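The values are calculated or read from the model by the stated rules, or taken from the named source; none is laboratory data. What you see is a predicted model; the values in this text were computed from it and never measured. Heads up, the Cβs are rebuilt from the backbone with ideal geometry, glycines too, and the neighbour counts pull from every protein chain shown.
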Amino acid sequence: MRGLYLLDYGAGNVRSLVNAVNRLGYEIEWVKEPDDILKAEKLIFPGVGAFGSAMQSLVEKNYVEPLKQYIESGKPFMGICVGLQALFERSEESPDIPGLGIIPGTVKLFNKDDNNKAVPHMGWNKANCLKEGKDTNYGIKQDKVYYFIHSYAVPYDENIKEWILSTTQYGNEIFISSIQKDNVFGTQFHPEKSGYAGLRLLKSFLEGYCSNNDDKEIIIKNPIKLSKDEFTKRIIACLDVRTNDQGDLVVTKGDQYDVRERSTNNDINCGQIRNLGKPVELARRYFDEGADEITFLNITSFRNCPLSDLPMLQILKLTSETVFVPLTIGGGIRDVIDPDGKFHSALEVAGEYFRSGADKVSIGSDAVYAVEKYLANNKKLSGDTSIETIAHGYGSQAVVISVDPRRIYVKSPEDEPNHHLIKTSFPGPDGELWCWYQCTVKGGREGRDIDVHQLVTSCEAMGAGEILLNCMDKDGTNSGYDLELINDVKNAVRIPVIASSGAGKEEHFAEVFNKTNVEAALAAGIFHRKEVPIQNVKNYLREKSISIRRDDS
Ligand code: 1PR
C-alpha cells in the first residue's frame, strides 16, 4: 500500500507500531513535514506520553491545521492512546493546552479515590463494543483483552454516542476505549502491544475493513456496568542480562543476586556467570508462551559505556520486531557520561530506549539517590531528577521503580525509630519479631539509610507510575513471594505494584494474587530453567478463578 503515513512527533515508543505494521506486510512512511500529512492516503497517529507535550509538539511542527484538513477529507485516520485523546477538546492533564476539538468532551484523570484500583490503568482489559452492525468494529473481539497504559481517559458520555465504538470498565468507571465514526478510528489501548488480538485489529484498519456505509443499519447499545471490572492480572517474565566471562551477552539469574555458579563437585563452571540463554530468543519464547509483559534488566549497568553502544539498545530493537507485548528496560537509567566525557541526561538515555522499542524504563539506584535528595529537601520536588524529567516527557506510566530491598531484623521498635517497621510472622535468627526493609543500590552491593516505605511513597510523589518490587532475601529461592513486604508496599501507594522474587511453583502466583492486591507477578528462574512454563501458571490461575489473559495466536 502506498501513502500509509505515521505521524511521529518525537515522543515514546513508535518503533513497536512500525514493527507491527511491517510484520503485517505493510511499509509505513514517517511524516517529516506538514505537507506529508496532506499527501497521506492513510494516517496513524500513535500518541505516546503526555497530552500536553503531544499537542505542543503538533503546534510547533505546524501539524495541527493539516491534521484537521486530513481528517475532514474523509481519508482513513487511526489514533492510538494520546492519538485518540488529542481528538477531544481538552485534557485535565494539561488544562491550558487545547486538543484538536474534533469530538466534544474532556479527557479526565481516573478517580484516584476509588479504592479498588491503581492509577495508571496499566494492563490488559476488555473492550466492549457498543455498535452492532455490518463491518463496524475493526475486529474488536468480545472475548479478547487489549493492553492499556494510561492515567487519563474520556468517561462514557451518551451525548457523543455516535462516536463510541467500545467502552471499558476500570474499577467503577466506564470510559471510552475506542471510537469510530466515518473515516475516524481510535483506540485508547495499544493494538501494537496487544499480542495477536491487537495485530488483527491493526490489520483490519490497514486493509480498510470497517467503515459503515449506512449508519441506519447500526444499532448503538448502552454500556452495562458490571459489579467487578474485567481487568486481568499480568504475568511478567524477567531477563537479567549481562556480559559473561567470554564476552557474550547472556541471560543470567542470581541466587539472592549472586549470578556466579556455585561449587558442586569441582564443576568446571564453578565461579562462571550462570548462562541461561540468549536475551532476544528467550524474550521471543516467552511471548509465544503467553507472557503479558517482558522486562530486561541490565544488571551491570553501573559500568560506563558510550550511550550509542549500549548493548541493550540492540536487544530491544531486535526483540520489538517479533514481540508484541510491552517491554520494560532497566539498568543504567540515570545521567551518564560517555568515556570521551560527553554528558547525557537520564531523559536522553530513556529516550534512546523508547526509540529502540521500550515502553517503560525502570529506575533502580538512581531512584534511591533521588529520594535521599527529596527527603533531605523536606520533600520539595526539584524537577530535575530522572523520575521527574522522564515522567514529564513521556508520562508517569513509562516510569517504573525497581526496588532491591533486603530484610533487616530488629528486636523492638525502639531499636529502629527512623524506619518503617513491620511486625513479622517469620522471626529472625535471634527470635526478632520486627523488621524493616533496607533499600540498596548497584544491584544490592550497597545498602542505604532508606527504607522501602520511604522510597515508594517518595517515588510516587515524584511521578513514578509503577513499582517493581524485588526482594533480595527471596530472589532465586523458589520459596514464594515475600507477602509481608508486598502487602506493606501495596498499602502505601496507589500506583500499580509488580510482585517479584521467589516464585517457585504455580501456587505461589495464586497465593500472591489472593493474599495481596498486586496487579502483576514477575518471575525469572523458573521460566528460564523451564521448571514451570508460563502456560502452566496461567492455566492454574484460571482454574483458581483469577482473571488472566488467554493466550492468543
Ligand atoms: O540500579 O537503575 O542501574 O538498575 C539495575 C537493575 O538491575 C535493577 O533493577 C536491579 O534489580 C537489577 N540487578 C542488579 N544486579 C542484579 C543481580 O541479580 N545481581 N537483578 C539485579 C535483580 C532481580 C529480579 C529477579 C527477580 C525474580 N534481579 O529482577 O528477576 O528476583 O527472580 P526469581 O523469580 O528467580 O526469584 P540500576
What do you reckon, is L43 hydrophobic (A, V, I, L, M, F, W, C) and assigned to a helix (DSSP H, G or I)? no
Yes or no: segment 402-422 includes at least one residue that is within 25 Å of the chain's Cα centre (by Cα), at negative phi, among the hydrophobic types (A, V, I, L, M, F, W, C) and not assigned by TED's automatic domain parsing to the domain that holds V82. yes
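Filter segment 503-519 for residues that are of a type outside the set (D, E) and either in a helix (DSSP H, G or I) or crowded, with 24+ Cβ neighbours inside 10 Å (or both) and give the result.
We begin by selecting, within segment 503-519, every residue of a type outside the set (D, E); these are 503-505, 508-510, 512-518.
If the condition is that a residue be of a type outside the set (D, E) and either in a helix (DSSP H, G or I) or crowded, with 24+ Cβ neighbours inside 10 Å (or both), then A503, H508, F509, A510, V512, F513, N514, K515, V518 are the ones that fit.
Within the bounds of segment 275-282, is there any residue that is within 16 Å of the ligand (Cβ to nearest atom), small (G, A, S) and touching a residue at least 12 places away in the same chain (Cβ under 8 Å)? Walk me through it before giving the result.
Step one: list which residues in segment 275-282 are within 16 Å of the ligand (Cβ to nearest atom), which gives 275-277, 279, 282.
Those left that are additionally small (G, A, S): 277.
Of the ones still in play, those that are also touching a residue at least 12 places away in the same chain (Cβ under 8 Å) are 277.
Checking segment 275-282: at least one residue is within 16 Å of the ligand (Cβ to nearest atom), small (G, A, S) and touching a residue at least 12 places away in the same chain (Cβ under 8 Å).
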Name, by its number, the condition in (1) over 15 Å from A370 (Cβ atoms); (2) surrounded by 22 or more Cβ atoms within 10 Å (Cβ to Cβ) that does not hold for S458. (1)
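Any residue at all in segment 529-551 that is in contact with a Leu (Cβ under 8 Å, 6 or more places away or on another chain), in contact (Cβ under 8 Å) with a residue 60 or more places away in the chain and closer than 29 Å to T385 by Cβ?
First, pick out the residues of segment 529-551 that are in contact with a Leu (Cβ under 8 Å, 6 or more places away or on another chain): 529, 548.
Remaining after also requiring in contact (Cβ under 8 Å) with a residue 60 or more places away in the chain: 529, 548.
Narrowing further to those that are closer than 29 Å to T385 by Cβ: none.
The answer is no, given that none of the residues of segment 529-551 is in contact with a Leu (Cβ under 8 Å, 6 or more places away or on another chain), in contact (Cβ under 8 Å) with a residue 60 or more places away in the chain and closer than 29 Å to T385 by Cβ.
Based on what the data block shows, is I174 modelled with pLDDT of 95 or more, hydrophobic (A, V, I, L, M, F, W, C) and out of contact with any helix residue (DSSP H, G or I) (no Cβ under 9 Å at 6 or more places or on another chain)?
So I174 passes the test.
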Which condition number does K228 fail, the rest of (1) more than 21 Å from M122 (Cβ to Cβ); (2) at pLDDT below 95; (3) among the basic types (K, R) being met? (1)
Members of segment 187-205 found to be under 23 Å from F88 (Cα atoms) and not β-branched (V, I, T), listed by number: Q188, F189, H190, P191, E192, L201, L202, F205
Among the candidates I149, I44, I103, I80, single out the residue that is over 22 Å from the mean Cα position of the chain (by Cα), at pLDDT 95 or above, among the β-branched types (V, I, T) and not assigned by TED's automatic domain parsing to the domain that holds D292. I103
Set K75, K117, K112, K108: member being basic (K, R), assigned to a strand (DSSP E or B) and either in contact (Cβ under 8 Å) with a residue 24 or more places away in the chain or closer than 19 Å to Q169 by Cβ (or both): K108
Taking strands (runs of 3 or more DSSP E) that fall entirely within segment 149-203, which contain at least 2 residues that are acidic (D, E) and under 28 Å from E466 (Cα atoms)? none
Which residues, taken from segment 474-491, are more than 10 Å from the ligand (Cβ to nearest atom) and farther than 23 Å from G123 by Cβ? E484
Taking segment 279-327, which residues are within 19 Å of the chain's Cα centre (by Cα), over 24 Å from F148 (Cα atoms) and among the acidic types (D, E)? none
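Please verify whether segment 326-335 includes one or more residues that are of a type outside the set (G, A, S) and more than 13 Å from the ligand (Cβ to nearest atom).
Initial filter on segment 326-335 (of a type outside the set (G, A, S)): 326-329, 333-335.
Of the ones still in play, those that are also more than 13 Å from the ligand (Cβ to nearest atom) are 326-327.
The answer is yes; a qualifying residue exists.
In this structure, is I390 buried (at least 24 other Cβ atoms within 10 Å of the Cβ), assigned to a helix (DSSP H, G or I), in contact (Cβ under 8 Å) with a residue 12 or more places away in the chain and under 16 Å from the mean Cα position of the chain (by Cα)?
Numbers: buried (at least 24 other Cβ atoms within 10 Å of the Cβ): yes; assigned to a helix (DSSP H, G or I): yes; in contact (Cβ under 8 Å) with a residue 12 or more places away in the chain: yes; under 16 Å from the mean Cα position of the chain (by Cα): yes.
Here the answer is yes, as I390 does meet what is asked.
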Being at negative phi, in contact with a Phe, Trp or Tyr (Cβ under 9 Å, 6 or more places away or on another chain) and buried (at least 18 other Cβ atoms within 10 Å of the Cβ) narrows it down to one residue among A291, A346; which is it? A291
Single residue of segment 524-546 satisfying the filter (crowded, with 17+ Cβ neighbours inside 10 Å and assigned to a loop (DSSP other than H, G, I, E, B)) that is nearest to the ligand (Cβ to nearest atom): A524
If we scan segment 504-523, do we find a residue that is more than 13 Å from the ligand (Cβ to nearest atom) and of a type in the set (S, T, Y)? yes
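Does C471 satisfy the condition of being assigned by TED's automatic domain parsing to the domain that holds W434, at pLDDT 95 or above, in a helix (DSSP H, G or I) and within 21 Å of G331 (Cβ to Cβ)?
Values: assigned by TED's automatic domain parsing to the domain that holds W434: yes; at pLDDT 95 or above: yes; in a helix (DSSP H, G or I): no; within 21 Å of G331 (Cβ to Cβ): yes.
No; evaluated as a whole, the condition is false for this residue.
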